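Peer 1: This structure is in structure tokens; I'll ask about it shortly.
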Amino acid sequence: TFTIIDSVRPKNGILFDGHDLQILPNGHFVVLGIENVTMNLSSYNYFNGNNSAGSVTATVKCGVIQEQDAAKNVVFEWHCKDHYSFSAVAPYFLASPTNVDWTHLNAVEYDTDGNYLLSVRHFNEITKIKRSDSSVMWRLGGNANQFTFTNDAQQFKGQHDIRRIANGNITLFDNGRSNPLHAATAKEYQLNETGLTANLLWSYT
């Protein structure tokens with residue numbers, strides 16, 4: 001009948017980002033959101049594909065994770081702007097120096113230990129976030145990578161769909177890029193989260 005049974009959207013003035021929505025076993029909802037923040041990016045020569053400087057008053061789209069309980073009360077909120085340096089972004093994702101799609105979150109995963117895995121596409125990065133205090137536990141891939149990739153020197157670019165699977169490994173879709181060629185590939189990694197190593201166990205290009 002196309003009758004709406006329920007709906008969920010970010011609160012606290014956060015705009016909805018439709019990339020992902022997770023419903024947790026306890027009935028909570030996890031949504032991705034966007035907030036527009038004015039930043040002075042004149043010291044970052046990342047734009048227009050020719051190292052142009054950013055605007056002094058750039059409007060920057062910054063990602064947000066928001067968890068709501070079953071009654072839609074916000075119980076956890078995490079803002080990218082409070083935890084990342086602007087320089088974490090990969091410049092090849094940036095065009096306009098005035099309207100900047102900075103983080104481009106596209107997946108969030110509630111991990112088996114109760115923390116969050118976040119796919120930050122424009123950083124080429126997976127971040128693990130400690131839910132209890134919002135601290136960054138580790139960063140996999142991208143400019144701020146903390147892991148040794150034992151057998152995958154190319155790592156991943158523009159990734160989507162970070163998931164923890166039943167055997168304890170993580171899977172993601174390495175979106176790749178066309179120039180220079182980095183082929184799109186499904187990947188499964190075994191992570192040592194203490195020793196900070198990433199071992200590519202399986203891939204399909």
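Peer 1: For region 148-205, what does the relative contact order come out to in percent, with C-alpha contacts under 8 Å and a separation of six or more?
Peer 2: 32
Peer 1: Report, to the nearest whole %, how much of the accessible area of region 11-124 belongs to carbon and sulfur atoms, 1.4 Å probe, protein only.
Peer 2: C and S atoms contribute 48 percent here.
Peer 1: Among Cys80, Tyr92, Ile165, whose Cα lies farthest out toward the positive end of the dipole of the chain, if unit charges sit on the beta carbon of Lys, Arg (+1) and Asp, Glu (-1)?
Peer 2: So the residue we want is Tyr92.
Peer 1: Here's another thing I want to ask about it. Which peptide among 124-131, 91-98 comes first, and what is the full order, when sorted by highest mean count of other Cβ atoms within 10 Å?
Peer 2: 124-131, 91-98
Peer 1: Continuing with the same structure: Give the share of C-alpha pairs in each 10 angstrom bin for region 37-148, from 0 to the last occupied bin, in whole percents, shortest bins first.
Peer 2: 14, 43, 29, 12, 1
Peer 1: Is there a pair in Lys61/Lys157; Lys130/Lys157; Lys11/Lys81; Lys61/Lys187; Lys11/Lys157; Lys81/Lys128 whose C-alpha atoms are over 22 Å apart, and which pairs would that be?
Peer 2: Lys130/Lys157; Lys61/Lys187; Lys11/Lys157
Peer 1: May I pose another question? For a test of the definition: using alpha carbon positions, the gyration tensor, and the 1.5 limit on a/c, classify the chain as rounded, prolate or oblate.
Peer 2: It comes out oblate by the Cα gyration axes.
Peer 1: Using the charge dipole of the chain (Lys, Arg: +1 at Cβ; Asp, Glu: -1 at Cβ; taken about the Cα centre), state which of Asn36, Thr1, Gly114 has its Cα farthest towards the positive end.
Peer 2: Asn36
Peer 1: From the phi of every residue in region 143-160, what ³J(HN,Hα) in whole Hz does the Karplus formula 6.51 cos²θ - 1.76 cosθ + 1.60 yield, where θ is phi - 60° and glycine or proline is x?
Peer 2: 5, 9, 3, 10, 9, 8, 7, 5, 8, 8, 4, 6, 6, 8, 9, x, 5, 10
Peer 1: Normalised by the residues of region 1-118, what does the relative contact order come to in percent, with Cα pairs under 8 Å and at least six apart?
Peer 2: 24
Peer 1: With charges only on Cβ, +1 for K and R and -1 for D and E, what is the dipole size of the chain about its Cα centre, in debye, rounded to 20?
Peer 2: In total the dipole reaches around 300 debye.
Peer 1: Sticking with this one: What are the ³J(HN,Hα) couplings of region 89-102, residue after residue, when phi is run through the Karplus curve with 6.51, -1.76, 1.60 and θ = phi - 60°? Round to Hz, x for glycine and proline.
Peer 2: Rounded to whole hertz, the list is 5, 8, x, 5, 8, 9, 10, 5, x, 10, 10, 10, 8, 7.
Peer 1: Follow-up question, since we're still on this one. Over what distance in Å are the Cα centres of region 5-73 and region 154-205 separated?
Peer 2: If we compute the Cα centre of each part, the gap is 23 Å.
Peer 1: List the residues whose amide H sits under 5 Å from the amide H of Phe76, counting only those 5 or more places along or on another chain, with H placed 1.01 Å from N in the peptide plane.
Peer 2: Sorted by chain and number, the residues that satisfy this are Glu67.
The values are calculated or read from the model by the stated rules, or taken from the named source; none is laboratory data. Everything quoted here is computed from the prediction, not taken from an experiment. Methodologically, a virtual Cβ is constructed for each residue, glycine included, from the backbone with ideal geometry; neighbour enumeration extends over all protein chains shown. To get the accessible areas, we keep the full protein, side chains included, count just its heavy atoms, and leave off ligands, DNA and RNA. Shrake-Rupley method; radii C 1.70, N 1.55, O 1.52, S 1.80 Å.
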